[in-house]
1. If the requirement is being hydrophobic (A, V, I, L, M, F, W, C), buried (at least 23 other Cβ atoms within 10 Å of the Cβ), modelled with pLDDT of 80 or more and assigned to a helix (DSSP H, G or I), which of these qualifies: Ala442, Ala480?
2. Would you pick out the residues in the stretch 520-532 that are in contact with a helix residue (DSSP H, G or I) (Cβ under 8 Å, 6 or more places away or on another chain) and surrounded by fewer than 20 Cβ atoms within 10 Å (Cβ to Cβ)?
3. Report the residue count in the stretch 625-660 for those that are surrounded by fewer than 17 Cβ atoms within 10 Å (Cβ to Cβ), in contact with a helix residue (DSSP H, G or I) (Cβ under 7 Å, 6 or more places away or on another chain) and among the β-branched types (Val, Ile, Thr).
4. Only one of these conditions is not met by Val327: (1) at pLDDT 90 or above; (2) within 28 Å of Gly520 (Cα to Cα). Which number is it?
5. Looking at (1) modelled with pLDDT of 90 or more; (2) crowded, with 20+ Cβ neighbours inside 10 Å; (3) over 25 Å from the mean Cα position of the chain (by Cα), which one does Ile308 not meet, given that it meets all the others?
6. For the condition surrounded by fewer than 21 Cβ atoms within 10 Å (Cβ to Cβ), assigned by TED's automatic domain parsing to the domain that holds Gly339 and hydroxyl-bearing (Ser, Thr, Tyr), what is the one hit in Thr354, Thr396?
7. Taking into account only those residues within the stretch 667-700 that are of a type outside the set (A, V, I, L, M) and in contact with a Leu (Cβ under 7 Å, 6 or more places away or on another chain), which is farthest from Lys713 (Cα to Cα)?
8. Provide a single number: the residues in the stretch 777-795 that are at pLDDT 85 or above and more than 19 Å from Thr481 (Cα to Cα).
Amino acid sequence: MTEKLRLKIPVLLPEVTDERDQCLTRMETMLGDQDGITEVHVVTDTAPSTLCIHYEPGRISLQRVRELAEAAGARLTKKYGHFLAKVSETSHVGRARSRAERLRSIEGVLEAEVSGAGGLRVEYDRDRVSEEALRAAIGELGLHLSHEYAERRPGSRHERAEHVEHDHGEDAHPEQESEHAHRHGNSRAELGFAIASGVFLLIGWLLPKLVALPAEWMNLLPLWAAYGFGGFFTAREAFEHIRNRTFEIDFLMLVAAIGAAILGQWVEGGLLLFLFSLGHSLEHFAMARARRAIESLSDLTPQDATVIRNGSEQVISVDDLQVGDRVRIKPNKRVPADGFVVEGESAINQAPVTGESVPVDKRPVDEPERAAKHPESIAPEHRVFAGTINGEGALTVQVTKRSTDSALARVVQMVTEAETMRSPTQEFTATFERYFVPSVLALVVLLLFAFMVLDETFSESFYRAMAVLVAASPCALAIATPSAVLSSVAAAGKSGVLVKGGAPLEHLGQLSAIAFDKTGTLTEGEPRVTSVEPYRDTTSAELLSVAVAVERLSDHPLAAAIVRHGEDSPGQVTYEARELKSVTGRGVRARIQDEWVLVGKEELFDEAEGEALPDDLRQRVRELETSGQTTMIVRRGERYLGAIGLMDTPRETAAAMITRLRELGITRMIMISGDNQSVADAVAKHVGLDEARGDLMPDDKVRFIKDLAEHGKVAMVGDGVNDAPAMANATVGIAMGAAGSDTALETAQIALMADDLSKLPYAVGLSRKTSAIIRQNLWMSLGMVAFLIPATLLGLNIGPAVALHEGSTVVVVFNALRLLAYRDSHS
């Protein structure tokens, strides 16, 4: 007989944020080889995910299994490193790709990705390459580390982000300003060189027509200058690729230009280099614009904070703020850290973090000590976020998270990581290029020898081969998808929607069904008592007193509503309950004066021992449920005390959101709930849904989502905590109110930072628009290649071919940038 042990993955592997991480596979293998352990697998029906270990108690003890798992986690954490940073000098996708290839070629690097927006992600083996050597290699590639996200370490729940070469000064970000200047300086230099090349090219073309110079080399001087300016950055990148044993478009362009010069076609070669360098510099400009949209998120947090310590105020860096510090926030200033209000009232503009268009009123909490112990339970009217803007009132806020662990900081980190995650379309284009490029090179080689079978000279064959080479280079194809994904992720982030990569972004626009959790998603998540139904000789006061005593030990939203109502009701008797036990999906039980008290659904009493549920009480419960109320039956010992009805108010925006999703073409939307079917039907009807599934246990929700997924792509919308198992099994998991929940931020693939359902149609619409832009870009890039290859074979010169080639690349990028301005027309 085997036993099971479940251990939380973040505890074993603090650096792992995704159950698909290779370190989990390694851990499964390491533990599976141990004597007495029969099976090891990841379980996603909990939040966070857990590692389930099956073992034989007769051969290995529970303590030994736990020790082995913790030791394996420690060894893997020590052996494998995860490096995430923002870097400069990658505003060209081809350059970013070549840098990633160079990093992957380093011994000990297991995975490396560099995005055109400057996101760098590396997984490496610490036994084979040190972090210092990795940093040195990154520097040798010309990548400047502008912002580094430190690895999570065991025993610490904070992710400490480092600003490289950080300097605390005025209310500015000097290290970012330095990086901006460095990057924009290079972009300006490349554009300047391209313009200079064009000027000298024009002079070189006009000079022989206007002036008869005594020597031929004098006519070539301006063309040599055009080659020098136009080919400087191209040659630098080409030699970089040669060192990496790869051949990119810049190398091919350089070869074509040199070939044109050898054939005496100096003007043609100069035109090629001028147009290529101009196209690259414009691409850099466009990609930098998308990159700045993302960087603007990290610029929102102020550098300094006014903290109250030892009875006096002092100004310190936000990086020095500690959990528990109290800070003063003046009117119209940005909030320096996440926390809750302890003094003062004001309206805060939360749009930078949550995307909410209207300022949110804030007031002090009633119990600061309790709020400090349970920060995730703080109500929205008390909670504040770093980077938001205070209104007209002065506030005193108690810090609940360090600046590097704030909701905004985590969003910026996750967006950076998302940049490096490839979408399905990117995988397709990468596969296409792997087969297309060698095919083009083979065609070029054949064309070089065309003079042997055709009536033409070698120079003519060479010229045609170079023209085909230029025409067939898939520059626009390489940039078509990344530029659109980057712009879309940036636009979503600025509107309060966190999208974790291209895959969920693309899938969101292809959904065939959306499942909504009821409580806290379609409803406000704040149930209230609407009916108190004492049974027979029981009084309302007795019924509430017993229920409050038990529910006070629970943290369920329904329990909190019963406690609030009972404490405000007259005639209450204080009982002391103990030994609370939860019956999953059914209710709870606890002891009061040596008697078991059961509080829960009808099913709880059908399964429990003791007195059966009376028929007349059952009938009354069903009448309450038919009216849309959730019911809690109370039994003390063998005596039924009655039932309590509760209702959770549907969100005002839910019906409009459902209507808008139908307009977007999503025809099947289902509400799933653990509540009685009658309650689920009542809420579904109120918000405009035609389908509702009630009486679902957590496992039932998972099975239902799996069934839906068999018929198409499905999204699960919930709070990201209780719904984590169902979300993990959906094509796309969407969490609401993620700004106030660390678990939701980690669990969801798409996180709506505010409790605002209108952001869901916005996200779906943005996904649809992104997919449309990607399709346009792919058609444009592939269509241009399909036109240019036969055109050059039939005699189109290199100059026009390069102009069309580079023009299509620039058009593709600027087409993608339109996503930065996306707005939902109905919002």
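1. Ala480
2. Answer for the stretch 520-532, where residues must be in contact with a helix residue (DSSP H, G or I) (Cβ under 8 Å, 6 or more places away or on another chain) and surrounded by fewer than 20 Cβ atoms within 10 Å (Cβ to Cβ): Gly525, Glu526, Arg528, Ser531, Val532.
3. Count: 1.
4. (2)
5. (2)
6. Of the residues listed, the single one that is surrounded by fewer than 21 Cβ atoms within 10 Å (Cβ to Cβ), assigned by TED's automatic domain parsing to the domain that holds Gly339 and hydroxyl-bearing (Ser, Thr, Tyr) is Thr396.
7. Once the filter is applied, the top-ranked residue is Gly674.
8. Going through the stretch 777-795 one residue at a time, the tally reaches 8.
The values are calculated or read from the model by the stated rules, or taken from the named source; none is laboratory data. Since the model is a prediction, treat every value here as computed from it, not as a measurement. Here Cβ is always computed from backbone atoms with ideal geometry, including for glycine, and neighbour counts include all displayed protein chains.
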